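K.L.:
Here it is, the structure in full.
The values are calculated or read from the model by the stated rules, or taken from the named source; none is laboratory data. The model shown is predicted, which means the values in this text are computed figures rather than measured ones. Because the Cβ atoms are built from the backbone with ideal geometry, glycine has one as well, and the counts that use them run over all protein chains shown. Side chains included, ligands, DNA and RNA excluded: accessible areas come from the protein's heavy atoms. Shrake-Rupley method; radii C 1.70, N 1.55, O 1.52, S 1.80 Å.
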Amino acid sequence: MQQPFLNIHHLTCQLFLLLGMVAMGQHTIAQVPDDSPWHLTATDLKATNSDSVQYFGVTVGNGMIGMVSDASPLRMSEVVLNGAFDTYGRGRVSNILKTFNPSEVRIEIDGEVVGPGNATDFSQVLNMKTGMLVNNFTLPGKAEITYAATAVRHLPFTSMIEVTITPLKDISLYGIHALETPEILRDPQQTYSSVVSIHPPYVAVPLMTTTATSPTGKHILSTSCSYLFSGNGPDLTHEERDYNKHSVSFRQKLNKGKPFSFVVLSSSTSTAHYTDPKNEAERLTVYAALEGVERLKKRHEAAWMELWRSDIQIEGDLRSQLAVRSALYHLYAFCRAGTSYSPSPMGLSGLGYNGHVFWDTEIWMYPPMLMLQPELALSMLKYRKERLGVAKQNAMAHGYKGAMFPWESDDVGQEATPVWALTGPFEHHITGTVGVAHWNYYRLTKDKVWLASHGYPVMKEVADFWVSRVEKDEAGNCHIYNVVAADEYAENIDDNAFTNGVAIEALQHATKAAGELGITPDPSWKEMADCIPILKLPDGTTREHATYQDTIIKQADVNLLAYPLSIVTDEKSIRKDLEFYEPRMSETGPAMSHAVLSILYSRLGEPEKAFELFQKAYQPNEVPPFGVLAECPGCTNPYFATGAGGLLQAVINGFGGLDLTDEGIIQHKIKLPKAWKSLKITGVGADERTFEVK
């Protein structure tokens with residue numbers, strides 16, 4: 001027997017009339033040209049989602065919310081909310097939380113449920129210029145349907161789902177929108193109400209809201225949804241059949257050829273963002289509803305246009321253009337100015353790497369954002385500055401001075417590496433990359449106020465760490481003992497090339513930063529920088545570590561001394577290190593290594609070799625149907641934002657010839673590969689300069 005509804009509300013169509021008139025305008029999706037440099041298109045999705053070919057979604061994001069596409073035409077697979085962590089699941093460490101998914105819509109037309117089994121001509125298109133994913137499909141003989149998903153760029157906590165149904169004949173429509181609590185959350189509280197203005201014409205905003213608690217009770221999460229309709233909206237019925245799921249439904253008669261649209265507006269917050277997440281989620285949803293769909297779209301697209309003032313344009317090679325713009329789009333989607341959040345290796349594309357922040361930010365994702373979007377880059381640095389106290393405690397706990405930044409950093413900046421991984425206690429080069437990143441921001445902006453208040457305090461603690469970390473042997477020679485190398489196949493080794501190199505530069509930069517502020521630097525900083533060794537093999541090749549013996553390496557290590565560091569600078573040594581380590585690099589290692597090699601060959605005047613490595617930095621890692629990047633060939637964990645950062649550096653700092661120095665941005669003379677007619681990089685630096693290579 002069917003269980004009685006626990007809670008049923010009806011809202012008359014008159015209450016929606018004004019909202020519909022204000023909010024909705026006819027929206028059509030134009031046909032996307034096959035040669036568009038702005039669209040990622042997926043077709044024949046039934047074949048892609050077969051047993052032999054797995055589907056990997058693409059993300060729409062606004063730096064706070066990430067929504068990942070699904071092979072089903074009327075839903076997104078998951079939603080990630082930045083900043084909310086709790087201890088649960090694999091590793092016994094603090095992990096980012098999966099929040100409520102407000103994207104799933106169920107449609108019945110003349111009693112037939114619309115889904116993957118009967119949807120035909122199903123295609124998905126990501127418009128990177130506007131940050132919108134559009135699903136187009138047909139229910140044969142009944143209707144053409146469009147489902148569009150957006151993480152609203154100017155409203156960080158708000159997302160929008162728009163469904164348009166164009167009947168091919170007169171039809172009866174039944175629509176359901178459900179909000180289900182993820183399994184990891186507990187004690188869901190489900191409410192439904194209508195906020196009605198106290199003055200005529202008494203506009204009503206329906207709100208379906210769920211609030212729940214994270215696994216240990218650390219956070220409360222809340223998502224609130226509202227509904228807008230084109231024209232006269234139908235009555236809504238609220239149903240609460242399960243303790244963890246409730247829904248709103250409606251029925252509507254549609255006439256042939258007359259499109260009907262409805263929009264689901266949702267806002268998601270938590271106590272990581274607000275002390276009262278439920279009320280704030282509802283306020284934000286009411287705000288979005290009364291702004292109206294067309295105004296939301298206009299402001300959303302304007303925010304994306306502002307970002308795209310910083311762009312990379314490649315003439316003559318559409319595949320390269322799409323790959324580079326996809327990398328740029330994803331980093332824009334994963335970052336947000338004005339926050340103190342820093343992207344995880346998988347950004348907002350899912351729960352990969354538990355949402356933790358690694359060196360991937362400072363050495364891979366941060367440099368292209370610094371060049372193109374300094375405000376986004378600044379948010380990454382704020383993440384470290386606000387967690388400096390925790391890093392100092394971490395150093396103290398390990399017997400060192402200064403600040404020791406964790407290898408895997410969670411929301412509060414504590415070490416969140418699972419205990420079984422040696423990377424947590426020993427992969428110390430991350431602390432050097434944090435110091436270098438802060439100096440590079442000053443190099444770009446020359447902002448002494450920021451340097452005094454934010455940059456130098458971090459750089460000083462980083463330098464003090466390295467002074468305490470370096471040890472002298474009986475002969476007085478300096479060493480950095482017992483680390484995990486940037487090449488993570490090398491564990492518990494001494495004098496790793498990249499670790500030593502980044503320590504040297506962090507110490508040197510701290511000394512320069514003190515000088516810029518008129519502060520007398522600690523003399524031990526220079527003493528240690530001059531003392532730390534860079535080892536060599538008998539033929540003069542840089543040695544990866546003290547016991548390295550010609551073995552396969554996981555990823556670039558020694559070659560990082562030439563870029564992004566400036567430890568190895570002469571052409572002969574750069575070439576010798578390239579020729580030695582490239583053939584020893586694992587074919588299953590992460591993508592960004594080949595990007596670094598590409599940069600170095602560009603600077604050595606070998607554009608075709610550089611282009612070969614540039615292609616190797618992304619093509620083997622692309623997965624269907626959108627070509628999003630996995631971490632390595634054959635990996636199944638996209639989107640790999642770290643690889644995107646490497647790819648962008650290969651273009652900006654390799655083929656584009658740009659270099660960030662103490663004097664600011666300079667451009668080296670570089671030759672383009674034959675496949676490219678020209679390269680233009682716009683919106684570079686705080687003064688938004690344009691650089692071209694032809």
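K.L.:
What is the magnitude of the charge dipole of region 552-626 about its Cα centre, with +1 placed on the Cβ of each Lys and Arg, -1 on the Cβ of each Asp and Glu, and no other charges, expressed in debye to the nearest 20?
P.N.:
On the way: 8 positive and 11 negative charges, 24 e Å.
It comes to approximately 120 debye.
K.L.:
On a C-alpha basis, how far is the centre of region 389-436 from the centre of region 628-694 in Å? Whole number, if you could?
P.N.:
Comparing the Cα centres of region 389-436 and region 628-694, I get a distance of 29 Å.
K.L.:
Moving on to the next point. What accessible area per residue, rounded to a whole number of Å², is obtained for region 104-226 using a probe radius of 1.4 Å? Show your work: numbers first, answer last.
P.N.:
Details: 4150 Å² over 123 residues.
About 34 Å² of surface per residue is accessible.
K.L.:
Let me ask another. Considering the dipole of the chain built from charges on the beta carbon (Lys and Arg +1, Asp and Glu -1) around the Cα centre, which of 254, 176, 581 is farthest to its positive end?
P.N.:
The one lying farthest along the dipole's positive direction is 254.
K.L.:
In addition: Apply the a/c threshold of 1.5 to the C-alpha gyration tensor of region 106-196 and tell me whether it is rounded, prolate or oblate.
P.N.:
Details: a/c = 1.93, a/b = 1.32, b/c = 1.46.
Verdict is oblate for region 106-196.
K.L.:
Just to check I understand the Karplus step: with θ = phi - 60° and J = 6.51 cos²θ - 1.76 cosθ + 1.60, what whole-Hz values come out for region 171-182, glycine and proline as x?
P.N.:
The phi angles translate into 9, 10, 10, 10, x, 10, 10, 10, 10, 10, 7, x Hz.
K.L.:
Would you please classify the overall shape of region 198-332 from the alpha carbon gyration tensor, given that a ≥ b ≥ c denote the square roots of the eigenvalues, rounded means a/c under 1.5, and beyond that prolate means a/b larger than b/c while oblate covers the rest?
P.N.:
Here region 198-332 falls in the oblate category.
K.L.:
Let me check I've understood the local charge: for residue 477, count other residues with C-beta under 11 angstrom from its C-beta, Lys and Arg +1, Asp and Glu -1. What total comes out?
P.N.:
On the way: positive: 472; negative: 471, 473, 474, 495.
That sum, taken over residues with Cβ under 11 Å, equals -3.
K.L.:
A follow-up question, please. Given the Cα-Cα distance of residue 195 and residue 530 and 0.36 nm per residue of separation, how much length would full extension add, in nm? Write down the numbers at each step before the final one.
P.N.:
Details: separation 335, 0.36 × 335 = 120.60 nm, distance 6.74 nm.
Gain in length upon complete extension: 113.9 nm.
K.L.:
Which stretch or stretches of region 420-443 have amide N atoms under 19 Å from the point lying 7 Å from residue 90's Cα along the Cα→Cβ direction?
P.N.:
420-424
K.L.:
Work out the charge dipole of the chain with +1 on the Cβ of Lys and Arg and -1 on the Cβ of Asp and Glu about the Cα centre, then indicate which of 196, 269, 590 is farthest towards its positive end.
P.N.:
Value: 196.
K.L.:
If the cut-off is 29 Å between C-alpha atoms, which lysines fall inside it for residue 218, apart from same-chain ones fewer than 8 positions away?
P.N.:
Within reach: 98, 245, 278, 382, 385, 392.
K.L.:
Here is a further query. Order of 214-227, 409-422 by packing, highest average Cβ count within 10 Å first? Walk me through the numbers before you get to the answer.
P.N.:
Details: 214-227: 22.1, 409-422: 18.1.
Highest mean packing first, the order is 214-227, 409-422.
K.L.:
Please list 35, 464 from largest to smallest accessible area, probe radius 1.4 Å, with all protein chains kept in place. Each step should come with its number before you reach the end.
P.N.:
Working: 35 105, 464 30 Å².
Solvent-accessible surface, decreasing: 35, 464.
K.L.:
May I pose another question? Helix-derived [θ] at 222 nm for the chain: sum -39500 (n - 2.57) over DSSP H runs of at least 4, divide by residue count, nearest 500?
P.N.:
On the way: 17 runs with 198 residues, N = 694.
Only helices count here, giving -9000 deg cm²/dmol.
K.L.:
Another question about this same structure. So, by mean Cβ neighbours within 10 angstrom, what's the order for 659-665, 434-440, 155-161, 287-293 with the highest one leading?
P.N.:
Working: 659-665: 13.9, 434-440: 26.4, 155-161: 24.9, 287-293: 21.0.
So the peptides 659-665, 434-440, 155-161, 287-293, ranked by packing, come out 434-440, 155-161, 287-293, 659-665.
K.L.:
Shifting gears a bit: Of the listed peptides 666-676, 503-513, what is their order by residue-averaged count of other C-beta atoms within 10 Å, with the highest listed first? Don't skip to the end; give the middle numbers.
P.N.:
Working: 666-676: 15.0, 503-513: 23.6.
Highest to lowest by the protection proxy: 503-513, 666-676.
K.L.:
Let me know the charge dipole size of region 357-433 about its Cα centre in debye, to the nearest 20, where only the beta-carbon of Lys, Arg (+1) and Asp, Glu (-1) is charged.
P.N.:
Values: 6 positive and 9 negative charges, 70 e Å.
That gives a dipole near 340 debye.
K.L.:
Roughly what would the spin-label model give for residue 604 and residue 572, points 7 Å off Cα along C-beta, in nm?
P.N.:
The modelled label-to-label distance comes out at 1.5 nm.
K.L.:
Same structure again: Under a cut-off of 24 Å between alpha-carbon atoms, report the lysines in cross-link reach of residue 680, not counting same-chain residues fewer than 8 places apart.
P.N.:
Result set, ordered by chain and number: 129, 609, 616, 669, 671, 694.
K.L.:
Follow-up. If you take Kirkwood radius over Cα pairs in Å from the coordinates, which of [x] 26.6; [y] 36.4; [z] 27.8 do you get?
P.N.:
Matching the structure shown: [x].
K.L.:
Let me ask something else. Where the only charges are on Cβ atoms (+1 Lys, Arg; -1 Asp, Glu), what is the dipole of the chain about its Cα centre, to the nearest 20 debye?
P.N.:
Computed about the Cα centre, the dipole is about 1600 debye.
K.L.:
Would you work out the relative contact order for region 301-426, in percent, from Cα pairs under 8 angstrom that are 6 or more residues apart?
P.N.:
On the way: 160 pairs, mean separation 22.4, N = 126.
Dividing the mean separation by the residue count of region 301-426 yields 18 percent.
K.L.:
Using a 1.4 Å probe on the protein heavy atoms, what percent of the accessible area of the chain belongs to carbon and sulfur?
P.N.:
Numbers: 13240 of 26190 Å².
Ligands and nucleic acids excluded, carbon and sulfur reach 51 percent.
K.L.:
Can you check what the net charge comes to around residue 670, using other residues whose Cβ is under 12 Å from the Cβ of residue 670 (Lys, Arg +1; Asp, Glu -1)?
P.N.:
+1
K.L.:
In addition: Lys/Arg Cβ at +1, Asp/Glu Cβ at -1, dipole of region 549-694 taken about the Cα centre: which of 636, 682, 562 is farthest positive-ward?
P.N.:
The listed residue farthest towards the positive side: 682.
K.L.:
Given the C-alpha centroids of region 110-126 and region 461-530, what is the distance between them in whole angstrom?
P.N.:
59 Å
K.L.:
Considering only C-alpha atoms, what is the centroid distance from region 275-348 to region 437-452, in Å?
P.N.:
Region 275-348 and region 437-452 have Cα centres spaced 26 Å from each other.
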